[in-house]
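*Asks:* Before anything else, here's the structure in question.
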Amino acid sequence: MLEKSVTSLTDKGFTTTLPLCVDLDGTLVKSDTLVDSVLVLARQHPELLLRIPGWLAQGKAAFKQHVTSAVELDVEHLPYNQPLLEFLTAEHAAGRPIYLATAADSTLARRVALHLGIFSGVLASDGKLNLAGGNKLAAFRQEFGDEFSYIGNATPDGPVLAACKEPMVANPTSGLRSALAGSGTVPIRTFEDSSSTLKAWLKAVRLHQWAKNVLIFLPLLLAHVRSLGLLVAAAIAFLSFGLCASATYIVNDLLDLEADRKHRTKRRRPFAAGNLSAISGVAVVALGLLASLALALGLPYILAAISPSEALGSPYKFAAWMGIYLVTTLAYSLRLKRMVLVDVIVLSGLYTIRIMAGSAATGVPVSTWLGGFSVFFFLSLAFVKRFAELESLRLRDKAPANGRGYLISDLEQLRSFGTATALASVVVFTQYISNLNSRLYLHPGRLWFMVPVLLLWLLQLWLLASRGQLDEDPVVYAITDKKSLMLGVLVVAVVLSAL
């Protein structure tokens, strides 16, 4: 039996209304608190992940108890099913006894119940008995007989819903819908709190961030190479990098669940909001990385088949660069993003890696001037991203709470770093133009018109950031701001006029 079948949370006794039992994972909370806790464990105590096989060997209930004891999940910012929570709050106000009935560990369940303050008691796993399916129904009958209502969401809840007086569901899975249809059980109420799965996935993989991967085409474009084979190779590299980047974005979101849920805008991200399950996220990460690796390894063979004369001298150099990108990104997500200044240097380096990967995929070398320009230019973008985050907090009179180590008092220093590197990138760009191979352009002098355009865009970016008017992601700004797009068109016009 349970350590305590019902843990009293209030002195009020209810005897006139039908007890209402509510599941936690996937029902009251849109996510799985056990998976959330494991992700927090991976972030805070990665060394404890090695103990998971031993914990699992002790049984599911013991495993939950070990994980719950190792980390303290933030119950205040969990993605609660809002329509259901409003209903429960109203029922509680009307005097109905409500019980939190979950397979989650009792320690976590009691913390959720105490935070919400609407439950008469808690039924949960106790380290020995996993309160799910048949065990949950048996516990209900022992406490309430056959006189109870229940709200669930998944297939194991089917028998409980079929046995209760008032079956209700919240974000029911397709498996539960089928089980209920098979048993002839008709829920009297459904609490939906979810978004379109397709839209959620499109948001999770950050397709707009694929714009960064256009840098892969840069060596090819700047060298004015017109080759179908190399263009196909660059396109494959673009797709490979995109899949790899999307996978790492999901990894970052999973590891940052708790921090994102406290953030003003990031709490709407699909995994933080509970609109996508963390398990499905892990599966997509694995598929994305496998597909990315397959494309990277297959790229030299595809190029050789299309254009044998342009076969790469170092066929796996692109795969090596992508491996460097993957390792660096994972290191950033796990540790480097919390190291002051190191984080922005790494972020800028990830842009330069894309250019080097494009060079490796096509065999077109990158000039030292282009490499130098990319370092300073993207370092400025990394600084403006951090600056915008801090400025947003300052305007709302809040202190940084993301563990990155920056302080509001660092704003002026970050501004000086960022504007200095922005101007340095323009200086390097002028040197690039001065040392340009004149055979590539009929009118190379016209390229100098790009200098004021570049200055205008960078200075405008920093001016908006200083006014608190910049989105925290400069990439989003670059591809959505009309002035930025117009300046981009002007740059293309200048280059075409110089050919």
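The values are calculated or read from the model by the stated rules, or taken from the named source; none is laboratory data. Keep in mind it's a predicted model, so treat the numbers as computed, not measured. Don't worry about glycine lacking a Cβ; one is built from the backbone with ideal geometry, like all the others, and counts go over all protein chains shown. These accessible areas exclude ligands, DNA and RNA; they are computed on the full protein's heavy atoms, side chains included. Shrake-Rupley method; radii C 1.70, N 1.55, O 1.52, S 1.80 Å.
*Asks:* For the structure I just gave you, tell me whether G313 is under 25 Å from I433 (Cβ atoms) and either open to solvent by less than 40 Å² (accessible area, probe 1.4 Å) or not charged (D, E, K, R) (or both).
*Replies:* So G313 fails the test.
*Asks:* Follow-up question, since we're still on this one. Within region 183-267, which helices (runs of 4 or more DSSP H) (wholly inside it) include 1 or more residues that are more than 23 Å from M356 (Cβ to Cβ)?
*Replies:* 197-204, 228-255, 257-262
*Asks:* Any idea which of S37, S31 is open to solvent by less than 20 Å² (accessible area, probe 1.4 Å), at pLDDT 90 or above, over 15 Å from L100 (Cβ atoms) and in a loop (DSSP other than H, G, I, E, B)?
*Replies:* The match here is S31.
*Asks:* Give the residue that is nearest to V426 (Cα to Cα), with candidates limited to residues of region 467-499 that are surrounded by fewer than 18 Cβ atoms within 10 Å (Cβ to Cβ) and hydroxyl-bearing (S, T, Y).
*Replies:* Only one residue fits best here, namely S484.
*Asks:* Restricting attention to region 409-421, which residues are open to solvent by 50 Å² or more (accessible area, probe 1.4 Å) and over 15 Å from L379 (Cα atoms)?
*Replies:* Passing the criteria: S409, E412.
*Asks:* Then there's this: Considering only region 334-391, how many residues are of a type in the set (D, E) and either over 24 Å from D410 (Cα atoms) or in contact with a helix residue (DSSP H, G or I) (Cβ under 9 Å, 6 or more places away or on another chain) (or both)?
*Replies:* So the count comes out to 2.
*Asks:* Name the residues in region 235-254 that are of a type in the set (F, W, Y) and farther than 11 Å from I216 by Cα, would you?
*Replies:* Answer for region 235-254, where residues must be of a type in the set (F, W, Y) and farther than 11 Å from I216 by Cα: just Y249.
*Asks:* Additional query: Quick one: which residue in A424, A357 is hydrophobic (A, V, I, L, M, F, W, C) and open to solvent by less than 20 Å² (accessible area, probe 1.4 Å)?
*Replies:* Only one candidate qualifies: A357.
*Asks:* Within the bounds of region 309-332, is there any residue that is assigned to a helix (DSSP H, G or I), farther than 30 Å from V40 by Cα and over 31 Å from the mean Cα position of the chain (by Cα)?
*Replies:* Looking for residues that are assigned to a helix (DSSP H, G or I), farther than 30 Å from V40 by Cα and over 31 Å from the mean Cα position of the chain (by Cα), one finds at least one in region 309-332, hence yes.
*Asks:* Could you please let me know if A204 is touching a Pro at 6+ places or on another chain (Cβ under 9 Å), closer than 20 Å to V284 by Cβ, among the small types (G, A, S) and open to solvent by less than 10 Å² (accessible area, probe 1.4 Å)?
*Replies:* Yes.
*Asks:* Another question, if that's okay. What tally of residues in region 104-128 results from selecting those that are open to solvent by 20 Å² or more (accessible area, probe 1.4 Å) and small (G, A, S)?
*Replies:* Result for region 104-128: 1.
*Asks:* Would you check if there is a residue in region 129-139 being more than 24 Å from K60 (Cα to Cα) and open to solvent by less than 20 Å² (accessible area, probe 1.4 Å)?
*Replies:* No, the conditions are met nowhere in region 129-139.
*Asks:* Next question. Working only within region 258-270, note down all residues that are touching a residue at least 40 places away in the same chain (Cβ under 8 Å) and open to solvent by less than 10 Å² (accessible area, probe 1.4 Å).
*Replies:* Listed by number, the list holds a single entry, P270.
*Asks:* For the condition buried (at least 16 other Cβ atoms within 10 Å of the Cβ), more than 30 Å from D260 (Cα to Cα) and out of contact with any Pro (no Cβ under 9 Å at 6 or more places or on another chain), what is the one hit in L458, L454?
*Replies:* Only one candidate qualifies: L454.
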